[in-house]
Structures are given as C-alpha cells and as structure tokens.
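What follows is a single structure, written as structure tokens, with notes after it.
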Amino acid sequence: MQIEMRGIDKSFGSNAVLKNAGFLLDHGEIHALMGENGAGKSTLMKILTGVYTRDAGTVIVDGQEVCYQNPQEAEKAGIVFIHQELNVLFDLTVEENMFLGKEIKKAFGVCDKKAMRQEVEKILDKLGVKIDPAQRMSELSVGQQQMIEIAKALMVDAKVIIMDEPTAALTQSETDVLFEVVKSLKAKGVSIVYISHRMEEIFYLCDRITILRDGSYIGTKKIADTDMNDVVKMMIGREIGERYPVRDVKIGDVVLEVKGLTCPGVFKDVNFQVHAGEVLGVSGLMGAGRTEIMQAIFGNMSHVTGSLYLNGQEIKNKSPQAAMANGLGFITEDRKVEGLMLEESIMKNISLANLGKISKAGVLNKQEEKELVQKGIEEVHIKCTGPQHECNNLSGGNQQKVVFAKWIHTNPKVLILDEPTRGVDIGAKKEIYNIINDLAAQGVAIIMVSSELPEVLGMSDRIMVVREGVVRGCLAKEKANQENIMILATGGDLDEK
Amino acid sequence: MKNKKINFQDFGALIALILLVVVIGIFSPEFRTPSNFLSLLRQSSINGLIAFGMTCVILTGGIDLSVGSVLALTTALCAGFISNGMPVGVAMILSLILGTAFGAISGFMVTKGRLQPFIATLITMTVFRGLTLIYMNGKPISNLGSSSLLKFVGKGSVLGIPFPVILFIVVFIVFMFVLEKTTFGRRVYATGSNAQAAKLAGVNINKTKLITYAISGCMAALSGLILLSRLGSAQPTLGDGYELDAIASVALGGTSMNGGRGRIWGTFVGVLIIAVLNNGLNILGVSSYYQDVVKGIVILIAVLSDRKR
Ligand SMILES: Nc1ncnc2c1ncn2[C@@H]1O[C@H](COP(=O)(O)OP(=O)(O)OP(=O)(O)O)[C@@H](O)[C@H]1O
Ligand SMILES: [Mg+2]
C-alpha cells in the first residue's frame, strides 16, 4: 500500500499544530517519522487514521483520495495504528482486550472462547512473550501492555502498521523480538510507519526517514544517505554535539545505603550504595523488579523488610510522604497513572510536589508558584501555551518533561529516576541529562533506572544489573558495555579475567 | 487553547439561576420582594453549609450520605445537654466538635477501613439515625429554656441581615479561600484527580480524605444548630433526606462526581437554585407532589448542559 499525505494543516483552537505537513509511504518499506516532542508526528498519524479531521490538505491511498471518518474505517482499509498512549481496558483480561469489538462468535452471538484462546496464544507465541491470556491487563507491566497492543495489531490483516514509539516501554530483548517481527512483516509487503526518539533503532531498522519540525514537513532521506548528526540538525535546526554530556563531578561519600531489602516474591536481599554526585544506572529486563525496588525505597510498597541508611543514619520510609521528608525524590515510570494529574494544568502538576516550598502556614503564594512553574517550564523546555495548559493536550514527551519539572526543585538528597527520558526527543534528552549532571554536581545522589542501554552506558558512573528480583552485579563504568549488561540481565555470568 | 478557563460551562448554573429568578419573578410579585429574598437566603443557609462540606468530600472522589443523620444526632445531643442545664454556648461548641468527630468516623472507615465511601457513609447514616432515636427515645426535646444566644443563631440578625445568611456567606468565603489558596485545597483536588500520582508526590491522601469527612460532619452540625434555634426543639427525624439536596447542589454547581474537578462557588449557585425552586414553587402554589418532579427536571437540565464541553 502506498500512502501520500500532502499539505496537511491542523489547529486545536488557536494552536496551529500542523502547518503543511506530510510524507510519502512506499509499499513494503519501514519509514521513520522523526521530530521533536510536539512536532506533530502523532497528530499527523491520527489524521491519517481518522482520529482527528484535517483542516486542509490531501491524503492519497493507492492513488485514491481518501478521508477516513474514524479509526474503524481506516482499519477496514488495512491501516492499523498502535498508539503511543496505550488504549487498554485495565479491568479486562488480555484476551478480552485483544478481541474487543471483534470477538469470534458462534451461533446466537455466543463467544467462541476456545477459538479466541488459540488465536491469542498463537500470536503471543510469535511475539515470544510469556503472558497468560486470562490475566487482567492491570496486572501487567507497562512493557507487557505494550506488547499486547502490538499483538492486537498483528491480529488484523494489516497492509500498513503505524507504530508510535512502540519501544518506549520495552527493554532490549523485547525490542529485539519486535524488530524481528517488523522485518518479517516488511518481507510480506506490509508497510510500517515507525515513530521513535531512539536514533539507534531508526538507523538499524528503517529504510527512509521523514522529519517534521514545528508541524511542518522538513525533508525525507534514505537512511543510507544520512547520519545521526544530519538528522538531528534537520529535527532541531542546530547541532547538539555530544549526546551524553560529560560530567566532571567528584564523587563523595555514601548518601544512601540499601541493606537486605526484600519483598517476598518480588525481590530479594537487595544491597547497594549510592554516593553524593554519583549516577547509579539500574539495568535489567522487563519485569526484573527494578521499578518495584525503587517503589519500595520510596515507601510505596507494603511487606518490605530490610533497612535504609541516609548519610549513615537509619531511615524509615513508611510512605512516599515520609520518603520525601527524608530527602528522597522519585520520578515514576508511568506518567499517566502515577506521574500526572492529566486533567489538570501544568502549573498544578508541578506545584503539587512543591507545596511546602510555595506556601506559608498552608497558604499558597501565587507569585512564588508562578515563578517556580515558569522556571520549570523553561528549564526543561516544555512546549506548551503556558502554565495553564492542560496536561492531556501535551505531546507525550512534553508530559514526561512536566513530571521532571515537578521534582527538580524539591531539593532532594537522593533522586530516583525511573525511565526519565521515556518518549523524550533527542534535544530534550540532552537537556534532561544536563539537569541530571547539574544535580549530581550539587551533590545529589542519583539512581537512574533505564531500559535504553546507550543511555545507561552514557550517563552512569556504575551500573547495577537486576534479574528476577536479584542484583546480579554492579559494573564500574570502565567495565560496562552492552554485552556485559545483557549477559548479567539474562542470567549468565561474567568470567573474571 | 483556552488560556482562561472561563467558558459557558462555568456559567451554566448561574444562567439557570438567573433565568429561574426572572421567570418566577414575572409570575409572582410576592416572590420578588426584598424580604422574600432574605428569607430565601436564610432557608438556603441550612442546605448551603452542608453542601459546602459535601463539595470537599466529593472533590476527593468520595461522597457523604451521613450528613442528615449527623445533623440529627448532634442537634439531639445539643438539645439534651441544654435541657440538662449545660451552658448554651458550651453545648453548641461541643455539638460542633461531636459533628466533626462523627464525620471523622466515616472518614476513618473510608481510609483505614478501605470501605467505599458510599457504603461507609450509608452505614454511618443508618447507625447515627438509630442512635438519635435511641437517645431521644423517639420523642422531641423541646425544654431548651430561653437562651438569647440560642435564639440569635437561627433568628437573630445584624444590620437587618439574618445571622444564618451571614454565617452562610462567611463560611462560603472561608471555603473558597481554603480550596483555592491553600495547600490543603490543592491536596483535596489532587486526591480526587489522581490519587496515585498525588501519593507519590508526597500527599497524604488518607489524611486529606479524613479531614474532608470531618469538615462535612462539622458543617452538618453547624447547620443543625441553626435548625435547632429556629425550631426551638430537636426532632428525631430532623435532617432526613438533606444529603440529597446537598449532593444535588454540588452536582448543579458543576462539580464532577468522580472528584478532582469543581468549584465552591458553583455549589453556592447550586444551593441558590434549589432554594429558589423550593421557595418559588411554594409561592406559586405548585403542589408539593409536582415540586419534586420539577426539581428533578431542573437538575437534569443543569447537569446535562454541564456535560458538553
Ligand atoms: N487534543 C489536543 N488539543 C490541543 N492541543 C493538542 C492536542 N493534541 C495535541 N496537541 C498539541 O499538538 C502538538 C503536537 O502534538 P503531537 O502529539 O502530535 O506531538 P508528537 O510529535 O507526537 O510529540 P511526541 O514526540 O512528544 O510524542 C503539541 O504541542 C500538543 O500540545
Ligand atoms: Mg507523539
């Protein structure tokens, strides 16, 4: 299938999001769509698939002008969209989610459970994921949910599959499986639109790349004819230099020490230390228990035993509130469920973690609040119409930046970052890295959980690898590389040379 | 993008109120007299105080069905104290404290007991009503003496304005301040908006919820004092069904029943709409059977117009 989008305009109210955007998708190619957060990639794809209507422009599919009124029409035509923000019904099972609206039926509208079970198992098998189809969606990790969304798209006999940041919540091994699937789809003549902020993936997987900036079409390049610097320059209009800024910080004393942290069935006997000014990377496969360990340290899990020491003093983090009072900060993995009040403004979200700071005797100082929020917006470059912008209407990466802005002024002694740059564009990533470095320079001890290996390698002083709830090892920067981490994460041993 | 969040939706209830006043005013000269407006405001203060407390609870994503029973139990106790010779001022303050404590019991069941707010307050509603009947042995308490303080709360006035009205407006301003300008207000909204995110940002959501139920109980008790003063006696069935008017006022004011969204001044307008309906329909001589139907329809229209955004 061939798709051409030309001269697409789209505004939300007075906010012109797309101005003369477009691209051309060829039969059987993997086409990358790149651009900064808020450049309009998701919006362009939503217009293609009938989620939004366009204000101007044409969409031509196989030589015919079309205008899908809703996603169902697009799906009928063979265009499937795997959304960036997951569309799952948490209370339904995996199976029910996958067959929602297209249940296999026997006579009298009775669902054919056996046939559906078989179908689900076949597809999950193909994706190489071990998930029980009868599990509730809410029991799965974000990464697993993402895999289910992908599986859902494979069920439809699609000619074009749009993947909007499919790997943002996946770790290396799941990503590898996904890539195999994508390649085999391509071999069958399916065209793929691939949206991602991970440069390595784009250059590994894609054939061509189209770049959008501020809602406008900038250009299309063959992957073979371009390189990362070139792409970045087209995306943000300037060069960014080193992707992982070097940090020249003297590492100080131990700030946080974790001893024998255990939560039955989740993780066992976790021991580690973080020093002032140090960035401790935490790596591992999906479901290894990294997030749970961090949640436990931050006082948000029950049935946890073990002890925590801050600057040598034992502390008890019975609740997130206590953890904050003890000087911890926590940027959560799932911005939608745990990070943001989506229906509230940027301002209310940022101030929530800073209420003590911007108030006196419980009364808010609006002026101070405004200044704090304005500073936050500027520091992490949130693309928005102002502090009152509702978070629902922000692009995914910008939502992530709001979560970040919320925490950086709480003056933590220890800052835990769980996937801090998920879905964030390359320019903004660097801004976040700079902020992390600044905080480290101020002596903050930083724990960074990340599934993006280049990021962990580029940013950490040490890397702790977790597998099935057990710390497999801590690699010093010099010894850490992609291979070593994967060996530990998958259960192998590093032979000591 | 709407930078200023002032749109038709915010004014839907206000427009409805103005329309009601104008329409009823056209048909009834009696309705549009200043003295009727004052008595209308005085009548609305009873429901108004309860509705303000209810707004806080609903903003956190909860609901408080127990307000009518809390009102009955606190007035009964207060009347009992007074008839047993306790100084009126002390009895009244004690009644407010008890109301706060009764509300906190509901809050405790919701937070520590992890009961759904609807169930928890259904339980307290039933139990408090039962306790009222037990305490009063089914009979009113009316030997309250002739304390001028007690009379003043419900019947007194300052500069021609009835004291309940003053109370109503002062409490309104206090709530507006608390919800808009204090950290507690932010926590209330945050708890209702996304409890998990609020918790991880250091908000003690259980404490926040508990306090809102306590506030709701306190407001019910305060409202009960006005009633006690006006009626001159405590009745076992006092406040029966008051929770419904309060919830209706909150809904009319545009507060989301899921929590996280809403404004106290919306509730203020909602309270006035209910009061205008009660008062206006009475003056127009509409039979009380029809009154309820009309009230239901007005609430339906207001809430529907609220939905389109
Ligand atoms: N429903 C909406 N109402 C108002 N503004 C919107 C809406 N949806 C998107 N926007 C705005 O449109 C712009 C483009 O958003 P879009 O989601 O397409 O960006 P994106 O390129 O996908 O970014 P990201 O890489 O962060 O996912 C953003 O600035 C966003 O604030
Ligand atoms: Mg997007």
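Summary of values
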| item | result |
| --- | --- |
| Cleavage-rule hits, GluC sites (Glu not before Pro), region A:447-483, DSSP coil, Cβ neighbours within 10 Å at most 12 | A:478 |
| Proximal lysines relative to residue A:429, as straight alpha-carbon distance under 21 Å, when same-chain residues fewer than 8 apart are discounted | A:41, A:233, A:336, A:375, A:383, A:401, A:406, A:477 |
| Dipole axis of the protein assembly as shown (+1 Lys, Arg; -1 Asp, Glu on Cβ), positive-most option in B:218, A:487, A:449 | B:218 |
| Chain B: DSSP helices with Cα axial extent of at least 30 Å and average Kyte-Doolittle hydropathy no lower than 0.0 | B:34-59, B:88-111, B:205-231 |
| Region A:304-394: trypsin sites (Lys or Arg not before Pro) falling in loop per DSSP and having at most 13 other Cβ within 10 Å | A:316, A:318 |
| For residues of B:198-210, the mean tally of beta carbons on other chains within 10 Å | 6 |
| Region A:170-221 versus region A:443-461: alpha-carbon centroid distance in Å | 25 |
| Listed residues A:317, B:66, A:265: farthest to the positive end of the dipole of the protein assembly as shown (Cβ charges) | B:66 |
| Span from the region A:58-137 Cα centroid across to the region B:183-229 one, whole angstrom | 42 |
| Reachable lysines, given that their alpha-carbon falls under 18 Å from the alpha-carbon of residue A:318 and they are not under 8 places away in the same chain | A:259, A:413, B:112, B:199, B:207 |
| Dipole axis of the protein assembly as shown (+1 Lys, Arg; -1 Asp, Glu on Cβ), positive-most option in A:193, B:43, A:177 | B:43 |
| Exercise: per-residue mean of other protein chain Cβ atoms within 10 Å, A:356-362 | 3 |
| Partner aspartates and glutamates for residue B:181 [C-alpha distance under 18 Å; skip if fewer than 8 residues away on the same chain] | A:344, A:368, A:369, A:371 |
| Residue-count net charge about residue B:232 - beta-carbon cut-off 11 Å; Lys, Arg +1, Asp, Glu -1 | +3 |
| Cα centroid of region A:367-394 to Cα centroid of region B:23-64, whole Å | 38 |
| Filtered trypsin sites (Lys or Arg not before Pro), region A:145-222: DSSP coil and at most 16 other beta carbons within 10 Å | A:188 |
| Neighbouring partner chain Cβ atoms per residue of A:322-331, average, 10 Å criterion | 2 |
| Per-peptide average of other Cβ atoms within 10 Å, ordering B:156-163, A:117-124 highest first | A:117-124, B:156-163 |
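Readers should treat all values here as calculations from the given coordinates under stated rules, not as data from a laboratory. All figures in this text were calculated on a predicted structure; none of them were measured in a lab. Using ideal geometry, Cβ is built from the backbone for each residue, glycine included, and neighbour counts are taken over all protein chains shown.
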